[in-house]
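The values are calculated or read from the model by the stated rules, or taken from the named source; none is laboratory data. What you see is a predicted model, and the numbers here were worked out from it, not measured in a lab. Cβ sites come from the backbone with ideal geometry, for glycine too, and all protein chains shown count toward neighbours. When the accessible area is computed, the model is the full protein with side chains, heavy atoms only, and any ligands, DNA or RNA have been set aside. Shrake-Rupley method; radii C 1.70, N 1.55, O 1.52, S 1.80 Å.
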Amino acid sequence: MINRRTFSKAVGLGAGAAAVSLSGLQTDASAATAPAGSIAPTVPTLTPGTHTGFSTLKHVKAGLLDVGYAEAGPAHGPVVLLLHGWPYDIHSYVDVAPLLADQGYRVLVPYLRGHGSTRFLSRHTQRSAEQSAIALDIIAFMDALKIPKATLAGFDWGSRTADIISALWPERVKSLVSASGYLITNVKAQLEPALPAVEHNWWYQWYFASDRGKKAMENEADRIALCRYVWTLVSPNWNFSDAVFDRTAEAFKNPDYAAIVLYNYRWRIGLIEGEHRYDRYEKQLAAQPPIGVPTITLDAALDPFTPAGDGAAYRAHFTGPYDHRTIADIGHNLPQEAPTVFAQAVVDADRL
């Protein structure tokens, strides 16, 4: 999930004046963010859950991984990379991808390390998961597919990864859509206690730090039950079916899933050190570098991790063309709960 210190809130944010409605977002926001002399296309409204799977699933060897990914849209269209979070998988974008493909984009949705059909190429590679490692996976993925530059869009781990690439390798990013804003982790800041209600939101992080949590994650049935419970907490209005969850839960059966998740959350709170190969990147990220690429940030109003203040908590980190939107009545899994809104943000960010 997202950055505990900066992007958690102590009390729930209501869908009040700070939130925009789903019905009013598309036309108004598109007109507002289109550059002078052009009109950003309006993405057609799609009922969430219309699609149940991807027609094209591929693999490519990239860096340390054999990456499994979905692809949609024309092969020579402008590239959009959609990055999922935890505890989710590529199916968070099962409705977003065809919407963008219909707009002429080549849409790529990779499984992150430890998820779905993505595998490490060597059994000797440490199953580490500091934030820069995951970002470098995506850079390697782009290199393997000969993609010099792309629009990046994500939520949760995906937002953090897209933010990192935008900050450290801006030449690879045409534009950015980042749910929950600026999520680059400063491990030293994470060592300080937060408000009790904020710490309460992060119960699973502390659970993963314990031997009990480790055992639960290493047991397939237990970790799947835990992930489902997290879905209900962070998306209180999303009435997902058993079939929808079970489809994503297949990704949690990856043999490296437990190791990657445990490493990531334990690393974030300073319980373990990262691999030295990533030290120089983590030093850069600890300085909280600005992001200058064209960016739209999205806040889901019912997500317990959404900061109060309509994006003000992280606004200063974005120094380029920028827009912010708060989405009413939507929880943490924003692209799956509100695919039209998410797809529209990608189209609009491409025109900032």
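Legend: residues Trp202, Trp238, sorted from most to least accessible area (1.4 Å probe; ligands, DNA and RNA excluded), read Trp238, Trp202. Averaging Cα coordinates gives a centre for the range 283-352 and one for the range 238-260; these two points are 25 Å apart.
Cross-link partners of Lys188 among lysines, defined as those whose alpha carbon lies under 25 angstrom from its own and excluding same-chain residues fewer than eight positions apart: Lys9, Lys214, Lys283. Viscosity 1.567 mPa s, temperature 4 °C: what is the translational diffusion coefficient of the range 198-352 from Stokes-Einstein with a Kirkwood Rh over Cα pairs, rounded to a whole number of µm²/s? Result for D is 72 µm²/s. Which entries in the list Lys58/Lys149; Lys58/Lys253; Lys58/Lys215; Lys61/Lys253 go over 28 Å, if you measure between the two C-alpha atoms of each? In this structure, Lys58/Lys215 exceed 28 Å between Cα atoms. Accessible-area rank, largest first, for Phe240, Phe155: Phe240, Phe155, with all protein chains present and a 1.4 angstrom probe. Once the convex hull of all Cα atoms in the range 136-188 is built, its volume per residue stands at 74 Å³. Of Ser235, Ile164, Tyr182, which is farthest on the positive side of the dipole of the range 119-250, counting Cα position, with +1 on Lys and Arg Cβ, -1 on Asp and Glu Cβ, and the Cα centre as origin? Of the listed residues, the answer is Ile164. So for the chain: antiparallel DSSP bridges make up what percent, rounded to the nearest 5? Percentage antiparallel, nearest 5: 35. Using only side-chain charges placed at the Cβ, +1 for Lys and Arg and -1 for Asp and Glu, the dipole size of the range 65-158 relative to its Cα centre rounds to 280 debye. Taking the alpha carbon gyration tensor of the range 285-352, multiplying each eigenvalue by 5 and rooting it gives semi-axes of 21, 16, 10 Å, largest first. Note on His276: accessible area is roughly 140 Å² with a 1.4 Å probe, heavy atoms of protein only. Toward the positive end of the charge dipole of the chain, with +1 on the Cβ of Lys and Arg and -1 on the Cβ of Asp and Glu, the farthest Cα among Tyr111, His51, His200 is that of Tyr111. Assuming charge only on the beta carbon of Lys and Arg (+1) and of Asp and Glu (-1), the dipole of the range 121-186 about its Cα centre is about 180 debye to the nearest 20.
Take every Cα pair under 8 Å whose residues are at least 6 apart in sequence, average their separation, divide by the length of the range 211-290, and the relative contact order is 30 percent.
Think of the chain as a dipole: +1 on every Lys or Arg Cβ, -1 on every Asp or Glu Cβ, centred on the Cα centre; then among Ala316, Ser122, Leu145, Ser122 lies furthest on the positive end.
In this Cβ point-charge picture (+1 for Lys and Arg, -1 for Asp and Glu), the chain has a dipole of about 780 debye about its Cα centre.
When you restrict to C-alpha pairs under 8 Å that are six or more residues apart and normalise by the size of the chain, the relative contact order lands at 28 percent.
Sorting Asp350, Asp89 by accessible area puts them as Asp350, Asp89; the probe is 1.4 Å, largest comes first, and only protein heavy atoms count.
Give me log10 I(q)/I(0) at q = 0.07, 0.09 Å⁻¹ for the chain, Debye formula, one equal scatterer per alpha-carbon, no solvent. Log-scaled intensity ratios, in q order: -0.25, -0.43.
Taking every protein chain into account, the 1.4 Å probe leaves Arg172 with about 40 Å² of accessible area, to the nearest ten. Across the range 291-352, the mean sequence separation of Cα contacts (distance under 8 Å, 6 or more residues apart), normalised by length, yields a relative contact order of 42 percent. The share of accessible area on the chain that comes from carbon and sulfur is 54 percent, using a 1.4 angstrom probe.
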